[in-house]
Amino acid sequence: MDHRYIASALSAEDARRVDSALGQLGDRTPKITIDDVDLALDESARRAVVELLRQLARGTSVTIGPVGELLTTSQAAELLGVSDTYVRKLADAGDLAIEMRGTHRRFKLEDLVRHREKFKRTSTGESSQ
């Protein structure tokens with residue numbers, strides 16, 4: 001995927017340090033400092049940084065890209081964990097929003113994430129209301 005940055009999972013030692021630091025925070029959102037420079041970030045941005053660290057510490061690789069980015073059918077299929085053919089069927093049935101670029105389907109990342117979350121809720125029996 002054409003994302004701006006892909007971060008690999010943390011080493012075991014770094015993961016232990018991050019887990020320990022996050023465990024000490026409890027429900028508080030920390031002040032963010034990089035190389036002794038305090039960053040004046042709002043609560044939402046600080047929570048995003050904490051969540052990024054939490055995912056990396058869990059052994060999850062993370063990609064960062066703009067929510068409005070347009071993805072190809074193959075990239076959409078990869079993100080949803082399905083085949084290209086199934087993504088095209090979802091799009092053709094109107095179950096997945098598309099933007100056409102010439103003769104090519106393009107998918108907004110935010111639409112794919114929303115579809116994936118909706119699918120998770122339905123498959124686990126949760127209500128979307």
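Quick note: the coordinates plus some simple rules give every number you see, no bench work behind them. Here the structure is a predicted model, which is why all the values come from computation and not from measurement. Using ideal geometry, Cβ is built from the backbone for each residue, glycine included, and neighbour counts are taken over all protein chains shown.
Filter the range 74-94 for residues that are among the hydrophobic types (A, V, I, L, M, F, W, C) and surrounded by 13 or more Cβ atoms within 10 Å (Cβ to Cβ); which is nearest to the chain's Cα centre (by Cα)?
Taking the candidates together, the pick is Leu79.
Taking the residues in the range 95-124 that are hydroxyl-bearing (Ser, Thr, Tyr) and over 18 Å from Gln75 (Cβ atoms) as candidates, determine which candidate is surrounded by the most Cβ atoms within 10 Å (Cβ to Cβ).
Thr122
Counting only residues that are closer than 28 Å to Ser11 by Cβ, touching a residue at least 24 places away in the same chain (Cβ under 8 Å) and β-branched (Val, Ile, Thr), how many does the range 41-74 have?
5
Would it be correct to say that Leu52 is surrounded by 10 or more Cβ atoms within 10 Å (Cβ to Cβ), in contact with a strand residue (DSSP E or B) (Cβ under 8 Å, 6 or more places away or on another chain) and of a type outside the set (S, T, N, Q)?
It is true that Leu52 is surrounded by 10 or more Cβ atoms within 10 Å (Cβ to Cβ), in contact with a strand residue (DSSP E or B) (Cβ under 8 Å, 6 or more places away or on another chain) and of a type outside the set (S, T, N, Q).
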